[in-house]
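Have a look at the structure below, then the notes.
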Amino acid sequence: MHTIDRLSADAFSDSVDDLADLLAHTVEGGASLGFLSPFDQASAVVWWHAQAPAVAGGDLAVWACRGTARIDATISLALVRKPNGRHRAEIVKLMVRRDARGQGLARALLATAEQAALDAGVTLLLLDTEAGSPAEHLYLADGWTRYGIVPGYAADPGGVLQDCSFFYKRLGA
């Protein structure tokens, strides 16, 4: 059984080590999340700590999906504060532990973030992911629209440039 909770600033701070473990595990598994190997727990802790001001300020919402002993998955929603962009937000850092996949956690987290975005007045969500990845298939199946593929957009953890698919989803329509 898993529970999904939006992390307050205090809960986020208390969860950094668990989030870092998940991030390091996911990068080690080859996921293209913006980091290159080697990427260890200490580096992941530093990265998550750097997100604390955005979480505290409300610009970044982070959800943790907990199993019995750890965080098995997470998703974040980055809000746009520009006056002409307050209607949009970006889904970032959707991660599921390899041994927790196939249980619907990614779909549940996506639905949670989409509802929170809608509740915040967001009507357009954006995201990007490695082309051909399992995540891309998830987004296509979940009603997201791919609006382009950029060749060699980002390096995977091994440093090899990969194509990236860009998606959007209109909310409340």
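Derivation of every value follows stated rules applied to the coordinates shown; laboratory data play no part. These numbers were taken from a predicted model, which means no experiment stands behind them. Cβ coordinates were reconstructed from backbone atoms using ideal geometry, including for glycine residues, and neighbour counts include every protein chain displayed.
From the backbone phi of the stretch 30-39, what are the Karplus-calculated ³J(HN,Hα) couplings (6.51 cos²θ - 1.76 cosθ + 1.60, θ = phi - 60°) in whole Hz, Gly and Pro given as x?
x, 5, 8, 10, x, 10, 10, 6, x, 9
Let me know the Rg and Dmax you get for the stretch 3-126 when you use only its Cα atoms, in Å.
Considering the stretch 3-126 through its Cα atoms, Rg and Dmax are 14.1, 42 Å.
Suppose the chain between Q41 and V80 were pulled fully straight at 0.36 nm per residue; how much longer would it get relative to their current alpha carbon spacing?
Numbers: separation 39, 0.36 × 39 = 14.04 nm, distance 2.90 nm.
Computed gain between Q41 and V80 is 11.1 nm.
State to the nearest 20 debye the size of the charge dipole of the stretch 31-173 about its Cα centre, where the only charges are +1 on K and R beta carbons and -1 on D and E beta carbons. Write down the numbers at each step before the final one.
Details: 14 positive and 13 negative charges, 73 e Å.
Approximately 340 debye in magnitude.
How many nm separate the modelled label positions at T145 and R107, each set 7 Å beyond the Cα in the direction of the Cβ?
2.3
Please list the non-local residues whose amide H lies under 5 Å from the amide H of D72, H modeled 1.01 Å from N, same-chain partners needing a gap of 5 or more.
For D72, whose amide H was placed from the backbone, the distant partners under 5 Å are C65, R66, G67.
Kyte-Doolittle mean at least 0.5 and Cα extent at least 20 Å along the axis: which DSSP H helices of the chain qualify?
Both cut-offs are met by 105-119.
With θ set to phi - 60° and the Karplus curve 6.51 cos²θ - 1.76 cosθ + 1.60, what are the ³J(HN,Hα) couplings of the stretch 63-75 in order, to the nearest whole Hz, using x for Gly and Pro?
10, 10, 9, 9, x, 6, 10, 6, 7, 9, 7, 8, 8
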